[in-house]
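All remarks here apply to the structure that follows.
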Amino acid sequence: MKKIFLAFLLFPLSLMAQKNYLPLMHNFMKAQESVKEFSGTVLLMQKDKILYEKAFGMADREWNVPNTISTKYRIGSVTKQFTAACIMQLDEQGKLSLNDKLSNYIPDYPKGDSVSIHMLLNHTSGIADYTSLAAFWPKAILPLSRDSMIAIFKYAPYDFTPGTNWNYSNSGYFLLGYIIEKVSGIDYSEYLLKNVIQKIGLKNTLLDQVDSVLQYRAKGYEKDGKVWRNAMLISMEVPFSAGAMVSTVHDLHDWMKALMINKIVSATSVQKMTTPYMNQYGYGLGIDSLFNHKRIGHSGGIPGFVSYLGYFPNEDLYTIAISNDGVSAAKVAEGLATIFFNKPVFVPYIPKAIKLPDLQLDKFTGTYTVISSGNDLEIVRKGHILYRKSKRSDDVELKPESGTRLFYADGSDRFITFEFDKNGVVVKATLLNGITKEELKKK
């Protein structure tokens, strides 16, 4: 894991005129490369015009081969929207129904008569995500059969009663790929090739296999302290229809464009895919907004790779980023979109911790309510160190950058700023996370 401590500087609003977005984007990305060690490719396109594209870092560190615009990367869960579209095609053809129950395809699946294809598509099935199960990871390197893979999560307790809640589940999308194979009578990879990839002329997109030889393929990397290592091996039979695809930034643009202009499925199906159901999730796509600009997109993560594909329909704007060393592609893509929308963007730098006396550290401590969500954030002091206390995970150290600013020591790009009255009492606090700001109220 990277232990790079980051913070951000605001560009003055006066410098953010949209006519200057190219140098601003370049400076933003150079900082991502130099400070965060971003290695990958980015693309910003509007109405078929390239606004910004550039590759950074190494596709192969051992042979010193740089990434290019044509580099192929594993895209992880961006695969899910392809799978969802395949399901919608079969629905349009009358070969299945979104109301079909899982028990139609796996008769002995526990509670399978309570789980619909619709629930699998929008993560409301309650089926446990196999990546959260201890039994999964020792087998992740094995070329498991479909049945062997399903057996890993088949009898795991449901997270909730099907249809009553939302929880992201790779298992659900694995089952959707299994259903595609059962209904179509061919392998998922073959179905995808014939009905999506070849249909719209994608040249650099496919379902990956560990033994496949791909021109311009990037290797995936992870950092252990200061040492780069090859990412953990994982069999592509494991992510399957939930995350086993390979693509390029331009192919992802062409894919999303084809989907949105109904070259893959009908307008009715696209509408279903982009309807924000529970937790603002459609079918293989999340629906939200950035600065009140509607956004449709999805991120992906698989060992050594992180990806993001976003589309702003009202502006016909596409933001795509893929990393082959674990750097957050979503934040990179969002930063580029922020510049496009003429908003202040944060540029990473390495903050330096300072020492403060315990009495001054105590002024930061206490319980704060995040106003937008109502959730509590607690800061405690243990010895001479401040921590963000957590009930669900390990406490995170907070380091003072100044007398009014703390940064999370886990390299997660989070900061808390404080304003004090003349008596040293907190009167205002703000949690900064990339370009987002959350106001805090001390209890």
Report summary line: Per principal axis, largest first, the Cα atoms of the range 309-443 extend in Å by 52, 30, 28
Query raised in the report: Does anyone have the angle between helix 79-92 and the longest principal axis of the chain? Alpha-carbon axes, 0 to 90°, nearest 10?
Result: 40
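Divide by every residue of the chain the summed helix terms, -39500 (n - 2.57) for each DSSP H run of at least 4, and state the resulting mean residue ellipticity at 222 nm, rounded to the nearest 500 deg cm²/dmol.
Working: 11 runs with 104 residues, N = 443.
Dividing the helical sum by the residues of the chain leaves -7000 deg cm²/dmol.
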Report summary line: With a 1.4 angstrom probe the carbon and sulfur portion of accessible area for the chain, in percent, totals 52
Report summary line: At q = 0.12 1/Å the base-10 log of I(q)/I(0) from the Debye formula over the alpha-carbon atoms of the range 75-217 is -0.50
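Counting every Cα pair in the chain, what percent are over 40 Å apart?
Working: 21455 of 97903 pairs.
That tail contains 22 percent of the Cα-Cα pairs.
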**Report entry** On Cα atoms only, tilt of 329-340 relative to the major axis of the chain in degrees
**Finding:** 70
Requested in this report: Please report, in Å, the Rg and the Dmax of the range 218-317, where both are computed over Cα atoms only.
Outcome: 16.1, 50
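Could you give the size of the charge dipole of the range 335-438 about its Cα centre, using +1 on the Cβ of each K and R and -1 on the Cβ of each D and E, expressed in debye and rounded to the nearest 20? Intermediate values should be presented prior to the final figure.
Values: 16 positive and 13 negative charges, 23 e Å.
It works out to roughly 120 debye.
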Query raised in the report: Of the peptides 218-226, 171-179, how do they stack up when ordered by the mean number of other Cβ atoms within 10 Å, highest first?
Result: 171-179, 218-226
Query raised in the report: How high is the relative contact order of the chain, in percent, counting Cα pairs under 8 Å that sit 6 or more residues apart?
Result: 21
Query raised in the report: Could you give the distance between the Cα centres of the range 45-94 and the range 114-158, to the whole Å?
Result: 25
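Could you please report the charge total around D113, scoring K, R as +1 and D, E as -1 over all other residues with beta-carbon less than 15 angstrom from its beta-carbon?
Working: positive: K101, K111, K154; negative: D100, D108.
That works out to +1.
What size of dipole, in debye to the nearest 20, comes out for the range 162-223 about its Cα centre when the only charges are +1 on Lys and Arg C-beta atoms and -1 on Asp and Glu C-beta atoms?
On the way: 7 positive and 6 negative charges, 51 e Å.
Dipole size: approximately 240 debye.
Keeping every protein chain present and rolling a 1.4 Å probe, give me the accessible area per residue for the chain in Å².
Working: 19850 Å² over 443 residues.
It amounts to 45 Å² per residue over the chain.
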Query raised in the report: Angle between the Cα long axis of helix 249-260 and the longest principal axis of the chain, 0 to 90 degrees, nearest 10?
Result: 70
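The values are calculated or read from the model by the stated rules, or taken from the named source; none is laboratory data. Nothing here was measured: the structure is a model prediction, and the numbers come from that model. When we count neighbours, we look across all protein chains shown, and the Cβ atoms used for this are built from the backbone with ideal geometry, even at glycine. Ligands, DNA and RNA are excluded from the accessible area calculation, which covers all protein heavy atoms including side chains. Shrake-Rupley method; radii C 1.70, N 1.55, O 1.52, S 1.80 Å.
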